[in-house]
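S.K.: Dumping the structure here so I can ask a few things about it.
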Amino acid sequence: MFFTYILQSQKSKKFYTGHTECIEKRLLRHNGGKVTATRNKGPWVLVYWENFETRSEANRREFEIKSMKSRFYIEKLVASGRTI
């Protein structure tokens with residue numbers, strides 16, 4: 001199982017979208033400063049996720065969300081309530 005996820009910074013309220021096989025481990029990496037794109041911008045909270053059978057499906061969805069380039073679109077996804 002693979003996941004496309006959205007994190008939100010508690011500091012700046014900005015969003016980060018990614019994909020992974022294990023959300024819990026990935027969130028620990030983001031909050032531990034191990035991910036360059038999110039370093040020094042946290043703490044991060046998981047606010048949305050979708051699950052997929054394959055990595056390629058999760059990756060495709062990540063890029064679909066990113067291609068929208070819309071905070072409104074992301075906030076709408078988050079409001080749908082798909083969280084752990």
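Throughout, read-outs are computed from the coordinates displayed, never taken from laboratory work. None of the values given here were measured: they were computed from a predicted structure. FYI the Cβ positions are ideal-geometry reconstructions off the backbone, even for glycines, and counts take in every protein chain you see.
S.K.: Using only Cα positions of segment 2-79, each an equal point scatterer, no hydration layer, compute I(q)/I(0) via Debye at q = 0.17, 0.18, 0.21 Å⁻¹ and quote the log10 values to two decimals.
M.R.: The computed values of log10 I(q)/I(0) come out as -0.61, -0.69, -0.94.
S.K.: So, one more: Of PHE3, SER56, VAL45, which is farthest towards the positive pole of the chain's charge dipole, taken about the Cα centre with +1 and -1 on the beta-carbons of Lys, Arg and Asp, Glu respectively?
M.R.: The residue sitting farthest along the positive end of the dipole is VAL45.
S.K.: To make sure I understand, if each residue's beta carbon is the centre and we count other beta carbons within 10 Å, what order do TYR48, TYR16, TYR73 fall in, fewest to most?
M.R.: Least to most surrounded, the residues fall as TYR73, TYR16, TYR48.
S.K.: Further, regarding this structure: GluC sites (Glu not before Pro) within segment 43-84: which are DSSP loop residues with at most 16 other Cβ atoms inside 10 Å?
M.R.: When the GluC sites (Glu not before Pro) of segment 43-84 are filtered for loop state and at most 16 Cβ neighbours within 10 Å, GLU53 remain.
S.K.: Still on this structure: Please report, in debye to the nearest 20, how large the charge dipole of segment 2-79 is about its Cα centre when each Lys and Arg carries +1 at its beta carbon and each Asp and Glu carries -1 there.
M.R.: For segment 2-79, the charge dipole is close to 500 debye.
S.K.: With 10 angstrom as the radius, rank TRP49, TRP44 by how many other C-beta atoms surround their C-beta, starting from the fewest.
M.R.: The order, fewest Cβ neighbours first, is TRP49, TRP44.
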